[in-house]
Each structure stands twice: as structure tokens, then as C-alpha cells.
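> One structure coming up, written as C-alpha cells, with questions to follow.
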Amino acid sequence: MCSVSGTSDISLPVLPKKKRAKVRWFVLILVQILILLHIALWLLGNHFGWFGGKTITPIEPSEGMELVKNGVINAGAIFFALALLSTCIFGRWFCGWGCHIVFLQDWCYALLRKLGIRPKPFRARLLGWVPLGLGLYMFVWPLFYRIVLAPWLQPHLRWPAITTDLTTEHFWETFVSPLMAIPFLFVCGFATVYTLGAKGFCTYGCPYGGFFAPLDRLAPVRIRVNENCQQCGKCTAACTSNVRVHEEVHLHKMVVDSGCMKTMDCIDACPNDALSVGFIGASIGTKSARKTGKYDLTISGELGIFSIFLIGFFSFRGLYASVPMLMAVGMSLVSTWIIWKGVLLLQEKNVSLHRHQLKFHGTFRPAGKLVLVFSLFTVLFVIQSGAVGLFVVAGNAAAKNGNLNSARSYYKLSGPMTDGGIGFASNPNVDLALSKILEANGDLQEAERLLRRLNSTVENDQTATMVLGQNLQLHHEPATVEQFYIETLDANPNWTLIWEDYVA
């Protein structure tokens, strides 16, 4: 190729990029297939009696809590230990290549991008400590309680023997119901991605990430840079982990941010082949560019947001005995962001949401009015959820102290609106406790109604069915009671408690 001056100018050929993103998507999809295969083998094994109806215990980090609580080594504990150990070498790779929640978030992010929506990362200081706090609560607090507090509070509590339990017949026992799984996936997928950014739940809600992030500092494997870097910023634009890649490599010649999930999108995006992954050294003592960047909140705003998050978390956790901890985290994060956006609408003259202008020079746009109303309803929902939980706590305290009339009143207030309460649904634990109080007062029919609702809620729970049968024995004809037991045992012939109750 000849230049204007007539001298020869050699142009480098355009080399095809290695699309690592396609490889990562393949790996993530393979992980989902293996999870579904595991579930399918368990269902088929239960139905046809394969492997004695057993399968490998859930390969899920949360199962590791059984080790610190009860001394049980299961597949989840082994898997989590290996993931932590590998993080010390390869960095925070598991989050980007093996986590089903990351697959969900990346998929949701891709869909939103196709719709023309590019969620902006939400940058907060205090909320960034939530994952570590949750991780310590799940995996360190049980040990702290046994070692430090139990000798004073429970002197007779003994250390459990270390046992191994790698198979189970009750694979789904520790998971949420399929009905609750749908809103869980929506909250931790679309909702957190839309409000907090591409990997919002990973950044502010994942307890396992709370351990992976600090261990990443020890890892010698990192994204590194060579002399080809021209600081174009395309690597930072491509990163969905909210890492300022071009600033990191400019400052440290490598990425030190513990939020880096080794997805290698930055390497694919670099037009100069300046980035690569390899051994370069630990990053202990170095400050990431994220910490020197701008945040969306002032210090007082941080304290306010964190307080709202805590209120939301404790309001949602265990709500109606259905909302698990991680879903409560996701719900609280999304609710906190919505409330924060509502506060901005009241305080600031100009507020936007992605591509939409909500408020311009002090004048509300229609979209702004809608968001403000939605924010108000979110505040009311958090308050209502917290009140439901407080009424349950008050009812439990009153029942423990023998004040059954007060307990009955509190339980009724925590119940659904159709029963005169303030809730949107019933709580199986409350239905059980209230039915006992009603039986003691001679209101057997109302107790039966609550127990039948309890059975329909928990579905195929042997203990709940046994309690209902005992209630029927108190005020129904023997033939009706016998028919109940016969139908129950025909459907569930292995329920030993029901057999014993029937025979008795």
C-alpha cells in the first residue's frame, strides 16, 4: 500500500479475534444442562427406584452450611471448598464461568440490550459489604456461636461428629418451591440487572462472592497488559462486571479489582491485542480504580440507603414462611434502588432512568410521575411486609408466655386480608400455631380450615397431614376419619407417621 508521500506503508492484516465469549456461553449452558440432568435423574430415580431412589446431594455452595452447623460433609461442601481453593490460584473465575445466577443475569442483560436498554451500574460503598456480611453469617457465625457463645448460652450443646453424606432421597428439600422459584429468578435476574447493572446481584447480594472477592486478591492469575495499549477504553465498555479495566492496567499493568470475574470480554474487545490472561502476581495492597472513582451517593446517602436495605431485608426474609434469604436480599436491593430513585425525584431538578427523562429542570415528566408513584407503593410494601413479620414475632412471644388471647390476635393480624389480617398470603407456621390455640378454645372447625389450608400450601408434608388427621379425630365421624387416612396412605404408602397415627 502506498502513502501520499510515495513511500511504502505496510498495513498489518486484520486478525480474527478469538471469541472467548462464545466459549464461556457454551460452558455456562453446559452447567445448566448438568443441573437439569441432575434433577431429572433424581426424579426418575424416585419414580423407578434407580440407585435406591437416591442421588448426589445438591452441588450448591449453600449446602456447605451443613458442615459448619452439623458437621456433615456433602457434595455442596466439597464443591464450595474446591471453588474457594481454585480462586486463590485462578482468581474469581467461578463466578464468570460456572455460576447459574451469572448465566441468568448475563442472559437477562443480553435481552435488555436487544431491547435497546443498557442498564447503568449502580455504585455504592456500604452495599458492597453486604456479600461478605452474608457469607460470614452463613458460614462463620455457626462456628463463632459454638465456640464463643454456646458455652454460656447452651452449655450442654455438644460438637457434632464429622460425618459424610453424599447422597440423598430428598434432593429438593433445601430449595424453594417451584412456585417461588419463578419470582426468585425474576428478582435476581431482570429486576437486579435493570436497576443495579449487569451483575448487580453478584456485586451487592451474593454471599459466595463475599468470599471469592477477597481471595481473588491472592491469585497470581490476572488480566494483564502489554505495550500495545492505547487507553481507548473499549475494554471497560465491554466489561459487565463494572471494572474500570483501562484505568486498572494503566495504573498497575494488570487488573486488581476483585470484581473481575475473568470473563475475558475485555480481551475480546481490545482492538490492539494489548490484553491477555496469565500469571503476573497477587494484588494485595493495591487499590482498584473502582475505589478511586465516583459513587452515586454521598456519605449520608450511603447511610440512608444501607438503612433502607436492612429494613427491607429483615421485612422480606421468611415472609409468609416462603421467601428465602437470597431472594430477600434481591427484593431488598431492588426495593432500595426504587425508593432511592423516588427520593431523587423529590430532591433533584433533573433525574433520568436509562433513556427516559423523569424530571427536567424541576418539571416532572409523565414517566417521572409513574416512577414516583411506584416508589411510594414500594415504601408501603416494605412497611406492610415488616408489619406482617413483627405481628408473627409478637404472636410467638405471646404464645411462649402463655398469653393465648394476645397470640391469637397477633397471629390473625399477620394473616391474609380475607381472614381479617394485613397480609397478602397465609403463613403455614402461623396457621399451625393458631390452629392449636383454636383447638384449645374448642373452635375445631376453624382449626380444621387452617390445617387444610396449611396442607394445601406445603403440599405432601407428612407432619402437616398428621396434625390435620388428629384434628379430624376430635370432631368427625369415625368413618370420615378412616376414609381420610385410607386415601392419604393410598397416595403415600411410605408415610410411617401416618400409619402409626392411623393404627393408634
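The values are calculated or read from the model by the stated rules, or taken from the named source; none is laboratory data. As the structure is a computational prediction, the values presented were derived from the model and not from experiment. Reconstructed Cβ throughout: ideal geometry from the backbone, glycine too, with neighbour counts over all protein chains shown. Just the protein is used for accessible areas: all its heavy atoms, side chains included, with ligands, DNA and RNA removed. Shrake-Rupley method; radii C 1.70, N 1.55, O 1.52, S 1.80 Å.
> Could you say whether any residue in the range 73-93 is closer than 20 Å to residue 131 by Cβ, in contact (Cβ under 8 Å) with a residue 24 or more places away in the chain, in contact with a strand residue (DSSP E or B) (Cβ under 9 Å, 6 or more places away or on another chain) and of a type in the set (A, V, I, L, M, F, W, C)?
Yes, there is a match, as at least one residue in the range 73-93 is closer than 20 Å to residue 131 by Cβ, in contact (Cβ under 8 Å) with a residue 24 or more places away in the chain, in contact with a strand residue (DSSP E or B) (Cβ under 9 Å, 6 or more places away or on another chain) and of a type in the set (A, V, I, L, M, F, W, C).
> Okay, moving on. Pull up the range 49-64, narrow it to residues that are surrounded by fewer than 18 Cβ atoms within 10 Å (Cβ to Cβ) and not in a loop (DSSP other than H, G, I, E, B), then point me to the one that is nearest to the chain's Cα centre (by Cα).
That would be 56.
> Then there's this: Out of the residues in the range 269-312 meeting the condition of being open to solvent by 20 Å² or more (accessible area, probe 1.4 Å) and of a type in the set (Phe, Trp, Tyr), tell me which one is modelled with the highest pLDDT.
Among residues in the range 269-312 that are open to solvent by 20 Å² or more (accessible area, probe 1.4 Å) and of a type in the set (Phe, Trp, Tyr), the one modelled with the highest pLDDT is 306.
> Take residue 23 and tell me if it is part of a helix (DSSP H, G or I), touching a residue at least 24 places away in the same chain (Cβ under 8 Å) and either farther than 30 Å from residue 268 by Cα or among the hydrophobic types (A, V, I, L, M, F, W, C) (or both).
no
> Take the residues in the range 435-451 that are surrounded by fewer than 19 Cβ atoms within 10 Å (Cβ to Cβ) and under 17 Å from residue 416 (Cβ atoms); name whichever of them is farthest from the chain's Cα centre (by Cα).
446
> Now for a separate question. Of the residues 186, 201, only one is in a helix (DSSP H, G or I), at pLDDT 90 or above and either open to solvent by 60 Å² or more (accessible area, probe 1.4 Å) or of a type in the set (Ser, Thr, Tyr) (or both); which?
186
> Let me ask something else. Any residue that is assigned to a strand (DSSP E or B) and without any contact (Cβ under 8 Å) to a residue 40 or more places away in the chain - is there at least one of those in the range 335-343?
no
> How do the pairs read when you match residues in the range 293-309 that are under 25 Å from residue 383 (Cβ atoms) with residues anywhere that are polar (S, T, N, Q) and modelled with pLDDT under 90, using Cβ under 9 Å and keeping only pairs 6 or more apart or on different chains?
Taking only residues 6 or more apart or on different chains, not a single pair turns up.
> Search the range 452-473 for residues being open to solvent by 60 Å² or more (accessible area, probe 1.4 Å) and over 24 Å from residue 390 (Cβ atoms), and hand back the single one that is nearest to the chain's Cα centre (by Cα).
The extreme case among them is 459.
> Another question about this same structure. Please pick out the residue among 125, 92 that is within 26 Å of residue 313 (Cβ to Cβ) and buried (at least 17 other Cβ atoms within 10 Å of the Cβ).
92
> Among the candidates 389, 420, 402, 395, single out the residue that is in contact (Cβ under 8 Å) with a residue 24 or more places away in the chain and either open to solvent by less than 10 Å² (accessible area, probe 1.4 Å) or over 16 Å from residue 318 (Cα atoms) (or both).
395
> Checking residue 96 against (1) under 21 Å from residue 176 (Cα atoms); (2) in a helix (DSSP H, G or I); (3) out of contact with any strand residue (DSSP E or B) (no Cβ under 6 Å at 6 or more places or on another chain), only one condition comes out false. Which one?
The failed condition is (1).
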